[in-house]
Amino acid sequence: MIAAANLLREQELVERDGIFHPAGEDEVSEYRRRWEDEAEEDHVRSAIAAGATGSIDFASLTGKIAPVWDRLPRGTDLGTVVEIGAGYGRIPLYLARERAVVWNAYCALDISETMLRRLVEYRERFTPGETPLYPICASADELPLEDASVDTVLTSVVFLHMGKSFVARAVAEVARVLRPGGSIVFDASFPNARNPSNLLLQAKPERLRPPNYMKFWTRREVESLLETSGLTAKTGPLELVAGAHEVLPRRVGPVAVPLARRANRLAARAPERLHGLTTLTYTVYSPGLVG
């Protein structure tokens with residue numbers, strides 16, 4: 001069992017009703033308030049962009065799980081884990097129950113306190129255990145964790161909502177807290193700026209974009225981020241792959257796009273030389289962790 005003193009920078013945190021917060025935190029930002037409002041309205045829809053949530057059960061909570069999580073070998077021990085943008089706990093719920101993945105401590109970091117309270121609730125309901133859980137309501141670019149204290153860092157569909165300079169600081173923080181040889185999975189984190197489906201989204205005027213609107217990356221930008229942040233120096237070589245392939249959006253507003261499903265099935269089988277266009281989002285992972 002990992003003691004909090006060996007992991008958390010306790011002098012930087014205060015605990016309020018089971019949730020850790022930065023000591024002396026400032027007013028709630030517009031960005032954070034937006035996520036709090038969405039979580040309070042419908043936390044499942046906010047996390048996975050689903051329709052309005054009906055009954056809360058394990059299947060609805062773990063919807064839209066990407067294939068990368070099924071590639072973690074069954075029974076994997078992740079050691080000490082930090083998840084950035086943990087939300088209501090979709091990833092650890094799925095890994096624990098469907099993949100028998102274990103860990104010795106789990107730091108669930110999210111900007112929304114509402115989400116973290118749901119995470120605590122659903123853990124007790126669906127995957128109760130004795131492993132320490134540290135819900136931390138804090139920003140990803142200032143992790144209140146000790147240097148080289150973490151074995152594994154996970155995140156799923158989170159960095160894509162953050163500005164590029166913020167992501168650079170967050171990934172540098174990941175590099176700081178990881179132990180040498182540690183592992184990462186950044187699932188569907190970097191929307192491809194050159195993908196045809198994403199071009200329409202990029203055309204939206206800046207003044208009409210909310211603070212959490214998607215940001216778009218080229219493959220070269222992602223490769224540079226992994227290197228200049230110091231992350232690959234900690235983890236060793238990382239795999240940068242397509243999280244999904246697509247060439248046509250399935251819908252434009254309420255209107256279905258004709259032949260989109262067929263075109264996207266073909267895109268998934270496109271030769272590698274076309275992946276710079278067909279890749280919808282990039283996923284990054286440690287090859288020693290993901291089979």
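Among all residue pairs at least 6 apart or on different chains, which show Cβ distances below 8 Å where the first residue, located in region 189-200, is part of a loop (DSSP other than H, G, I, E, B) and the second is aliphatic (A, V, I, L, M) and buried (at least 20 other Cβ atoms within 10 Å of the Cβ)?
As it stands, the answer is Asn195/Leu280, since those pairs meet every condition given.
Select, from Arg97, Arg117, the only residue that is out of contact with any Lys or Arg (no Cβ under 9 Å at 6 or more places or on another chain) and either within 10 Å of Thr62 (Cβ to Cβ) or surrounded by 21 or more Cβ atoms within 10 Å (Cβ to Cβ) (or both).
Only one candidate qualifies: Arg97.
Determine which member of the set Pro132, Pro92, Pro191 is over 27 Å from Leu240 (Cβ atoms) and either crowded, with 21+ Cβ neighbours inside 10 Å or not small (Gly, Ala, Ser) (or both).
Pro132
Exactly one of these conditions fails for Gly288: (1) within 16 Å of Phe186 (Cβ to Cβ); (2) free of Cβ contacts under 8 Å to residues at least 12 places away in the same chain; (3) touching a strand residue (DSSP E or B) at 6+ places or on another chain (Cβ under 9 Å). Give me its number.
Exception for Gly288: condition (2).
Find all pairs meeting these conditions: Cβ atoms under 8 angstrom apart; at least six residues apart or on different chains; first residue within region 63-81 and farther than 17 Å from Ala242 by Cβ; second residue among the aromatic types (Phe, Trp, Tyr) and part of a loop (DSSP other than H, G, I, E, B).
Asp77/Trp103; Leu78/Trp103; Gly79/Trp103; Thr80/Trp103; Val81/Trp103
Take Pro249 and tell me if it is exposed (fewer than 12 other Cβ atoms within 10 Å of the Cβ), outside any helix (DSSP H, G or I), on the phi < 0 side of the Ramachandran plot and modelled with pLDDT under 95.
So Pro249 does not fit the description; no.
Tell me, please, whether a residue that is over 25 Å from Ser46 (Cβ atoms) and assigned to a helix (DSSP H, G or I) can be found in region 282-291.
No, region 282-291 contains no residue that is over 25 Å from Ser46 (Cβ atoms) and assigned to a helix (DSSP H, G or I).
Considering every residue within region 24-31, establish whether at least one is buried (at least 17 other Cβ atoms within 10 Å of the Cβ), at pLDDT below 75 and touching a helix residue (DSSP H, G or I) at 6+ places or on another chain (Cβ under 8 Å).
no
When both residues are 6+ apart or on different chains and their Cβ atoms are under 8 Å apart, which pairs have a first residue that lies in region 160-180 and is in contact (Cβ under 8 Å) with a residue 12 or more places away in the chain and outside any helix (DSSP H, G or I), and a second that is hydrophobic (A, V, I, L, M, F, W, C) and surrounded by fewer than 18 Cβ atoms within 10 Å (Cβ to Cβ)?
Leu178/Ala148; Arg179/Ala148; Pro180/Ala148
The values are calculated or read from the model by the stated rules, or taken from the named source; none is laboratory data. Small disclaimer: the values here were computed from a predicted structure and weren't measured. Virtual Cβ from ideal backbone geometry, glycine too; neighbours counted across all protein chains shown.
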